[in-house]
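Heads up: the structure comes next, in C-alpha cells.
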C-alpha cells in the first residue's frame, strides 16, 4: 500500500477530494490545525458517505466513540500508541 500525508484537516479533505478513488482508509488525528478531526470527518463523509475513517485521539476511546456514535466512524486509535 501507499501512504499519502496531509499537514492539517484542510489538506486532508483537499487530498481526498483530488485522490479519493485511490484511498481505502483515512487515519487522522482529532486535533489538527485549520480543521479538526470532527469537521474533517464531516467533510469526508459529504464527499463520500462510504469513506472509511479511523480517528487517533488523546481523548478517551469512550468519549470519541460516543461523540461519533451512529455516524459511521470505523475506529478509534487511542494515543499514545507505539508503532512496531
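Quick note: the coordinates plus some simple rules give every number you see, no bench work behind them. Since we're looking at a predicted model, the values are computed, not measured.
Points to keep in mind about this one:
- Taking 0.36 nm per residue of separation and subtracting the Cα-Cα distance, full extension of the segment from residue 36 to residue 69 would add 10.1 nm.
- Between 0 and 90°, nearest 10: helix 37-47 axis offset from the chain longest Cα axis: 40 degrees
- Among 70, 42, 20: highest mean-square fluctuation, GNM of the chain, C-alpha pairs under 10 Å: 70
- For the chain, share of DSSP beta bridges that run antiparallel, in % to the nearest 5: 0 percent
- Pairs of Cα atoms nearer than 8 Å and 6+ residues apart set the relative contact order; for segment 9-77 it is 31 percent.
- Helix axis angle, 9-19 relative to the chain longest principal axis, alpha carbon, degrees: 40 degrees
- Only DSSP H runs of four or more residues enter the estimate; each adds -39500 (n - 2.57), and after division by the residues of the chain the mean residue ellipticity at 222 nm equals -10000 deg cm²/dmol.
- Within a Gaussian network of the chain (alpha carbon springs, distance under 10 Å), most fluctuating of 63, 74, 36: 63
- Of the labelled figures [x] 1.03; [y] 1.42; [z] 1.90, only one reflects Cα Rg over 2.2 N^0.38 Å as derived from the coordinates, namely [x].
- Structure remark: mean-square fluctuation, Gaussian network model of the chain, C-alpha springs under 10 Å; the largest value among 25, 73, 44 belongs to 25.
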